[in-house]
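Asks: The structure that follows is given in the form of structure tokens.
The values are calculated or read from the model by the stated rules, or taken from the named source; none is laboratory data. The model shown is predicted, which means the values in this text are computed figures rather than measured ones. Ideal geometry is used to build each Cβ from the backbone, glycine not excepted, and the neighbour counts take in all protein chains shown.
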């Protein structure tokens, strides 16, 4: 499953540079699939919808840092554990129960993001 940042976030920003998929954004900042990945053209999201990789999308959160579930691989294929959770000083990077994914599906997502 993807990781999410809870309301307890203190906006320290420690997590953002640690993400190998560039899935973490500061609150209020638009995101794109192509940010920090090799994705080009159309990309199918977890919900089955299709989006252009360069399309700027509305922020998921305005007040705190947030993680884009479609880009989060829990650091599978990069690190032993999610790096955002490892560096978070207030332990607000936690599994997102809305996105149940297996290790295999997370590794497949990683491959799609970094061809």
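Asks: Check 64, 73 and return the single one that is on the phi < 0 side of the Ramachandran plot, assigned to a loop (DSSP other than H, G, I, E, B), modelled with pLDDT of 95 or more and touching a helix residue (DSSP H, G or I) at 6+ places or on another chain (Cβ under 6 Å). So that I can check it myself, show each step before the final result.
Replies: Details: 64 fails: touching a helix residue (DSSP H, G or I) at 6+ places or on another chain (Cβ under 6 Å).
One residue alone meets the criteria, 73.
Residue by residue, here is whether (1) exposed (fewer than 15 other Cβ atoms within 10 Å of the Cβ); (2) more than 14 Å from the chain's Cα centre (by Cα) holds:
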{"residue": "72", "(1), (2)": "no, no"}
{"residue": "76", "(1), (2)": "no, no"}
{"residue": "79", "(1), (2)": "yes, yes"}
{"residue": "84", "(1), (2)": "no, no"}
{"residue": "93", "(1), (2)": "no, no"}
{"residue": "98", "(1), (2)": "yes, no"}
{"residue": "103", "(1), (2)": "yes, yes"}
{"residue": "106", "(1), (2)": "no, no"}
{"residue": "110", "(1), (2)": "no, no"}
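Asks: I need the full set of residues from the range 19-42 which are touching a residue at least 12 places away in the same chain (Cβ under 8 Å), surrounded by fewer than 19 Cβ atoms within 10 Å (Cβ to Cβ) and closer than 20 Å to residue 107 by Cα, in order please. Steps first, answer last, please.
Replies: Narrowing the range 19-42 to residues touching a residue at least 12 places away in the same chain (Cβ under 8 Å): 19-41.
After this cut, where a residue has to be surrounded by fewer than 19 Cβ atoms within 10 Å (Cβ to Cβ) as well, the list is 20, 22, 26-30, 34-36, 38, 40-41.
Listed by number, the residues that qualify are 20, 22, 34, 35, 36, 38, 40.
Asks: Also: Could you run through the range 43-66 and say how many residues are out of contact with any strand residue (DSSP E or B) (no Cβ under 7 Å at 6 or more places or on another chain) and free of Cβ contacts under 8 Å to residues at least 24 places away in the same chain?
Replies: Adding up the residues that qualify gives 5.
Asks: Next question. Condition test on residue 104, is it out of contact with any helix residue (DSSP H, G or I) (no Cβ under 9 Å at 6 or more places or on another chain), farther than 26 Å from residue 9 by Cα, part of a loop (DSSP other than H, G, I, E, B) and at pLDDT 95 or above? First the steps, then the outcome.
Replies: Working: out of contact with any helix residue (DSSP H, G or I) (no Cβ under 9 Å at 6 or more places or on another chain): yes; farther than 26 Å from residue 9 by Cα: yes; part of a loop (DSSP other than H, G, I, E, B): no; at pLDDT 95 or above: yes.
So residue 104 fails the test.
Asks: Further question on the same structure: Among the residues of the range 43-52, write down those that are in a loop (DSSP other than H, G, I, E, B) and under 19 Å from residue 106 (Cβ atoms).
Replies: 45, 46, 47, 48 - these are the residues of the range 43-52 that are in a loop (DSSP other than H, G, I, E, B) and under 19 Å from residue 106 (Cβ atoms).
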